[in-house]
Amino acid sequence: MNEKHDFIAVFDSGVGGISVLRHLVRILPGERFIYYGDSANAPYGSRPTREVRALTLAAVDKLLAEYPLKALVIACNTATAAAVNDVRAAHPELIVVGIEPALKVAADHFPGGRVGVLATEVTLREEKFDTLLHRFDEDVTIYKIPAPGLVELVEKGKVDAPETEALLRKVLSPYLGKLDAVVLGCTHYPFARNAIRRVLGDNVVLLDGGEGTARETRRRLELAGLLENGSGEVILRNSSPDPDILRLSRELLNQED
Ligand code: DGL
């Protein structure tokens, strides 16, 4: 039986899901969160789908073995695309919320517009994304933009380094002057927002699914009568033995907007 004071687990391939955790903590301040990043195995985004699925299921099993959980937020577009159905099938007792690229927000705000989706190779090739794309491709013109290497830079804390900007310039140059909005379809990317903005300019709106995912989590908990109004707690864990990763995780969690 799930209890109100049980934990909400937040999972990502690395530190990216902290961009979602920040929204969760803001709108659910009385909850207990356990954040688990699998940086030892990141990036997930260029792996075969079956590996992403196996890594995700193993991480969820580990979390369930160590913490009483009432909900799991898969704060990783890649893991959601590859494994959310398997996680739900394996753990029907758990509230499971996944994240997907915020194409609906883009279509609502820019009808007839041109929207780039910056995401990992796995997210962009999975059937889940294809289904999403076909829901909105009559409303907006959608460009799939993979950004290999960007997750690795964010994992090193290089969220605004010259090499990050150089990578973004290379990836985004074919689209300059052509887009109304860019959906940040990987939870690592909002941390590189400043560099992305410098490359795209101020006229392109950046959107991400972090806030929507946090609101959906609150809605699901409320519906189940599992909202907690305690003193709040955030535990940060990571599979990498490198102590720098927890330092970076804390920094990203606490950084100013
Ligand atoms: N943060 C993950 C996402 O939202 C992917 C990172 C990775 O490639 O490991 O897609």
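The values are calculated or read from the model by the stated rules, or taken from the named source; none is laboratory data. It should be emphasised that the depicted structure is a prediction, and the values quoted were computed from it without experimental measurement. Note that each Cβ is placed from the backbone with ideal geometry, even for glycine, and that neighbours are counted across all protein chains shown.
Restricted to the stretch 113-134, and to residues that are part of a loop (DSSP other than H, G, I, E, B) and over 14 Å from the mean Cα position of the chain (by Cα), which residue is modelled with the highest pLDDT?
GLY113
Please specify each residue of the stretch 216-250 satisfying the condition of being surrounded by 15 or more Cβ atoms within 10 Å (Cβ to Cβ) and over 17 Å from LEU94 (Cα atoms).
Once the filter is applied, which keeps residues that are surrounded by 15 or more Cβ atoms within 10 Å (Cβ to Cβ) and over 17 Å from LEU94 (Cα atoms), the stretch 216-250 yields VAL234, LEU236, ARG237, ASN238, SER239, SER240, ILE245, LEU246, LEU248, SER249.
THR164: in contact with a Lys or Arg (Cβ under 9 Å, 6 or more places away or on another chain), touching a residue at least 24 places away in the same chain (Cβ under 8 Å) and more than 30 Å from LEU221 (Cα to Cα), yes or no?
yes
Of (1) more than 10 Å from the ligand (Cβ to nearest atom); (2) within 17 Å of THR213 (Cβ to Cβ); (3) of a type outside the set (Gly, Ala, Ser); (4) surrounded by 24 or more Cβ atoms within 10 Å (Cβ to Cβ), ARG88 satisfies all except one. Which?
Exception for ARG88: condition (4).
Looking only at the stretch 27-49, count every residue that is touching a residue at least 12 places away in the same chain (Cβ under 8 Å), more than 11 Å from the ligand (Cβ to nearest atom), assigned to a loop (DSSP other than H, G, I, E, B) and surrounded by fewer than 20 Cβ atoms within 10 Å (Cβ to Cβ) and tell me the total.
The total comes to 2.
Kindly provide the set of residues from the stretch 1-24 that are more than 20 Å from ASN77 (Cβ to Cβ) and either surrounded by 20 or more Cβ atoms within 10 Å (Cβ to Cβ) or within 13 Å of the ligand (Cβ to nearest atom) (or both), ordered by number.
PHE7
List pairs: first residue in the stretch 181-194 and within 16 Å of LEU167 (Cβ to Cβ), second residue modelled with pLDDT under 95 and more than 9 Å from the ligand (Cβ to nearest atom) anywhere in the structure, Cβ distance under 9 angstrom, at least six positions apart or on different chains.
PHE191/GLN255
Given ALA83, ALA65, ALA79, ALA54, which one is within 15 Å of the ligand (Cβ to nearest atom), free of Cβ contacts under 8 Å to residues at least 12 places away in the same chain and either in a loop (DSSP other than H, G, I, E, B) or not aromatic (Phe, Trp, Tyr) (or both)?
On inspection, the qualifying residue turns out to be ALA54.
Is at least one residue of the stretch 173-180 among the charged types (D, E, K, R) and under 23 Å from ILE8 (Cβ atoms)?
no
May I ask you to verify whether ARG125 is surrounded by fewer than 17 Cβ atoms within 10 Å (Cβ to Cβ), within 16 Å of the ligand (Cβ to nearest atom) and closer than 28 Å to ALA71 by Cα?
So ARG125 fits the description; yes.
Any residue at all in the stretch 93-112 that's at pLDDT 95 or above, more than 22 Å from GLU216 (Cα to Cα), crowded, with 16+ Cβ neighbours inside 10 Å and small (Gly, Ala, Ser)?
No, every residue in the stretch 93-112 fails to be at pLDDT 95 or above, more than 22 Å from GLU216 (Cα to Cα), crowded, with 16+ Cβ neighbours inside 10 Å and small (Gly, Ala, Ser).
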